[in-house]
């Protein structure tokens with residue numbers, strides 16, 4: 001079983017070290033939490049880290065102000081080295097400097113609580129590192145946005161993806177029962193079909209003859225289909241995170 005070390009880099013507990021914690025690890029404002037954060041924006045029992053197989057999962061416990069990973073609100077998240085976790089005014093970073101450096105160098109890196117039995121997991125950043133800027137050891141260097149408005153919007157979308165999933169797309173679920181594999185396959189097939197329909201309806205238009213600038217346009221009904229899919233996915237995510245609701 002992996003042990004977890006958490007060092008707080010922002011908030012009243014900045015620089016405090018929580019080491020040798022064995023999952024499940026609760027995070028919140030109450031004294032009963034293994035990681036106690038003195039911040040009125042942090043709920044009494046805000047979030048928890050738990051082990052599932054060889055991975056560590058962060059779950060928001062229906063907190064008032066939510067939990068963010070790499071700037072994005074999440075309900076559940078399989079933690080990865082280098083993830084930044086925000087709860088209230090407090091900021092934690094998941095992964096030691098050595099682990100982050102190894103990933104930057106392109107060495108194989110495991111998810112937190114990796115396959116090695118008894119391995120340790122560290123969430124580490126000191127107050128000095130935060131103030132000096134050493135915490136900005138991002139695994140992916142984001143490109144500067146283009147001068148073109150269209151290119152800028154595309155770059156923004158790419159940056160959001162890089163922030164939420166710095167190691168690339170998440171791996172498919174493992175150890176599923178046959179019925180679960182069928183259910184996941186049906187769900188992904190539905191999403192794939194909806195996106196394919198929208199893509200097939202797109203048409204190319206030349207918007208700037210001098211610069212040969214081209215854009216892809218879709219009809220309003222196809223756009224509405226994409227919006228409906230976004231809502232369907234939002235419902236899926238909510239039901240997966242809280243199946244009893």
Subject >> Distance between region 1-38 and region 50-65 - C-alpha centres, whole angstrom >> reply: 14
Original post:
For the pair residue 214 and residue 176, what calculated FRET efficiency results from E = 1/(1 + (r/R0)^6), where r is the Cβ-Cβ distance and R0 = 35 Å, to the nearest 0.05?
Top reply: 0.25
Original post:
For region 1-95, what's the relative contact order in percent, using C-alpha pairs closer than 8 Å and at least 6 residues apart?
Top reply: 24
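Please sort 38-50, 225-237, 66-78 by packing, taking for each peptide the average over its residues of neighbouring beta carbons within 10 angstrom, highest first.
Packing proxy ranking, top to bottom: 38-50, 66-78, 225-237.
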**OP:** First measure r as the distance between the Cβ atoms of residue 3 and residue 186, then evaluate 1/(1 + (r/R0)^6) with R0 = 25 Å and state the FRET efficiency to the nearest 0.05.
**Re:** 0.05
Subject >> Net length gained if the chain between residue 105 and residue 89 were fully extended (0.36 nm per residue, minus Cα distance) >> reply: 2.6 nm
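What's the ranking of 177-189, 23-35 by average number of surrounding C-beta atoms within 10 Å, highest first? Working shown, then result.
On the way: 177-189: 10.6, 23-35: 17.9.
Descending mean neighbour count gives 23-35, 177-189.
Since every read-out is calculated from the coordinates, none of them should be taken as a lab result. If you're wondering where the values come from, they're calculated on a predicted model, not measured in any experiment. Note that we place each Cβ from the backbone using ideal geometry, even for glycine, and neighbour counts take in every protein chain shown.
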